[in-house]
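Heads up, the thing below is written out as structure tokens.
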Amino acid sequence: MSDDAGLSGERSAGSGRTLGDIQIRDPFLLDDRSVYWLYGSTDENIWSGPGVGFDSYRGPDLRTWEGPFEVFRPPAGCWSEGMYWAPEVHEHQGRFFMFATFTAPDGFRGTQVLVADAPQGPFTPWSEGAITPRKWQCLDGTLFVDDAGAPWLVYCQEWTQIHDGAVWAQRLTHDLREADGVPVFLFNASDAPWAGPLDHPKVHAADLPVYVTDGPFLFRLAGGHLIMLWSSFGEQGYAMASLTRRPGRSPGRGRRRSRRCGRGRAASA
């Protein structure tokens, strides 16, 4: 496990916590040498008001947790003042990179990259603001490194802007600091045969049906198939689905198959 000497960000930390004791949304797990780090949207009010930052928890068995630990607090003059969402942490080239959703004062949101030398942070800005398109409503960016070693950011463009939420892939520079080239369109939420329009008072007056894309995450199976998990709404509520690509494909190429693999009750927004 990484050196714990930097846990100065501990805030009223305690041990023996269970998930029922932790306020968190958009959870993400990092396995750091068999010690698990739990990250997520941890502000008391993630929808409005000034943002506090991100806290994390660590544990040996996915059952009990120690924390919270302060892993990110916005620096003075930060371009985003609130709505800090869905942090993911990936180890890459010997450092730890956080991909998190931030919202600008004009309402546009995107994924910024932060960096630290250890899972417990402190994470500091690495990219110059968001690396997603500036005037797009983007969220839930995740890192994927293809077989050629090229890093990609895969993220959602929100239904709030385009009605039919989309998933895009953006190649990054090898240091993860900037976008490299132009975004590659992957799919719209309505392309999945099981996905249905959002039934929510916010969209009842919309001119077009609204379809949601949330939370893409990519990984390879032992046989080489590329799997993407993502979420949307179906007939029975909020659901998770999987997309499959044949071996040797990058996120932006090849045919895909979509399959719903679970469902659950949607959280209130």
- Would you check if there is a residue in the range 256-269 being under 26 Å from Trp85 (Cα atoms), modelled with pLDDT of 85 or more and open to solvent by less than 90 Å² (accessible area, probe 1.4 Å)? no
Query - Pro151 being touching a strand residue (DSSP E or B) at 6+ places or on another chain (Cβ under 8 Å), within 19 Å of Ser80 (Cβ to Cβ) and not charged (D, E, K, R) - result: no
Note on the range 47-92: residues free of Cβ contacts under 8 Å to residues at least 40 places away in the same chain, open to solvent by 10 Å² or more (accessible area, probe 1.4 Å) and polar (S, T, N, Q) are Ser48
Residue hits (the range 93-113; free of Cβ contacts under 8 Å to residues at least 24 places away in the same chain and crowded, with 19+ Cβ neighbours inside 10 Å) are Thr103
Subset of the range 165-176, residues in a strand (DSSP E or B) and either open to solvent by 50 Å² or more (accessible area, probe 1.4 Å) or touching a helix residue (DSSP H, G or I) at 6+ places or on another chain (Cβ under 6 Å) (or both), comes to Arg171
For the range 170-210, the count of residues that are of a type in the set (Phe, Trp, Tyr) and modelled with pLDDT of 95 or more equals 2
| request: Inspect the range 177-185 for any residue being open to solvent by less than 20 Å² (accessible area, probe 1.4 Å) and either within 18 Å of Glu158 (Cβ to Cβ) or part of a helix (DSSP H, G or I) (or both) and give the result as yes or no. | output: no
For the range 139-160, the count of residues that are of a type in the set (Gly, Ala, Ser), buried (at least 20 other Cβ atoms within 10 Å of the Cβ) and more than 20 Å from Leu30 (Cα to Cα) equals 0
Item checked: Qualifying residue in the range 25-36 (condition: open to solvent by less than 20 Å² (accessible area, probe 1.4 Å), at pLDDT 95 or above and touching an Asp or Glu at 6+ places or on another chain (Cβ under 7 Å)) -> no
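The values are calculated or read from the model by the stated rules, or taken from the named source; none is laboratory data. Small disclaimer: the values here were computed from a predicted structure and weren't measured. Don't worry about glycine lacking a Cβ; one is built from the backbone with ideal geometry, like all the others, and counts go over all protein chains shown. In case anyone asks, the SASA skips ligands and DNA or RNA and just uses the protein heavy atoms, side chains included. Shrake-Rupley method; radii C 1.70, N 1.55, O 1.52, S 1.80 Å.
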